[in-house]
Amino acid sequence: MEGRKDILYITAVIFLLNIDYSRSVEHYSLSYNYFDEIAQSYCASRSLGRVFAIRRNCANAPTCLTMCANAKLSILRSISYLRQSVKCYDAFQIRKNHPLLKANPGVDQPDSGKVNMVSYGYGSGGCTWRPNHCGPNYCCCKAF
C-alpha cells in the first residue's frame, strides 16, 4: 500500500509541475528576449524622473504622442498620481530579427566581435513619427 501512495504522490507532483510549466509558457516564452527591459533602459537613460517604455505596433499604430496621451491614466495610476501630466519625449526601435550569439555564462566571451542586436533612437522626432508606419516600436513617455 505504501508503494501505491508514493506513485500517486509522484504522479500528482508531475501533474502540478506540468500545470505550472504550461502557465509560465503563456506568460513568457522559453526564449524570452527582454526587449521591453531594453526599451525601458533606453528610455530611462534619456530622461530624469518617472519614465515608461510603451510598446508600439508598426501597423495600426498612432504616433507616440497619441500613445503616451492614451496611456496617461494607466501611467499616473501606476505612480499613485504623484504627477499630473504625461508626454512623449523620445522613441526607440529594436530590430527583432537579429543573429543569436552563444550564451556567455562564464568568463570567456564566445562570439566576441560579432554583430548582434541593432537599435535606433529617434529622439524627440520619434514622438511624431507617422501613424500606421513602421519606425519606432517603443514610445518613451514621461510623467511630470
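The values are calculated or read from the model by the stated rules, or taken from the named source; none is laboratory data. Remember, it's a predicted structure, so these values are computed and weren't measured experimentally. Cβ coordinates were reconstructed from backbone atoms using ideal geometry, including for glycine residues, and neighbour counts include every protein chain displayed.
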> Within the stretch 43-68, which residues are in contact with a Lys or Arg (Cβ under 9 Å, 6 or more places away or on another chain), within 16 Å of N132 (Cα to Cα) and in a helix (DSSP H, G or I)?
Replying inline: C64, L65, M67, C68
> So which residues in the stretch 69-89 are over 16 Å from the mean Cα position of the chain (by Cα) and outside any loop (DSSP other than H, G, I, E, B), if there are any at all?
Replying inline: A69, N70, K72, L73, S74, L76, R77, S78, V86, K87, C88, Y89
>> For the condition within 21 Å of Y32 (Cα to Cα) and among the polar types (S, T, N, Q), what is the one hit in N132, N60, N116?
In response: N116
> Does D111 qualify as being among the acidic types (D, E) and not in a strand (DSSP E or B)?
Replying inline: yes
>> Of everything in the stretch 21-42, what is assigned to a helix (DSSP H, G or I), hydrophobic (A, V, I, L, M, F, W, C) and at pLDDT 55 or above? Give them in sequence order.
In response: F35, I38, A39
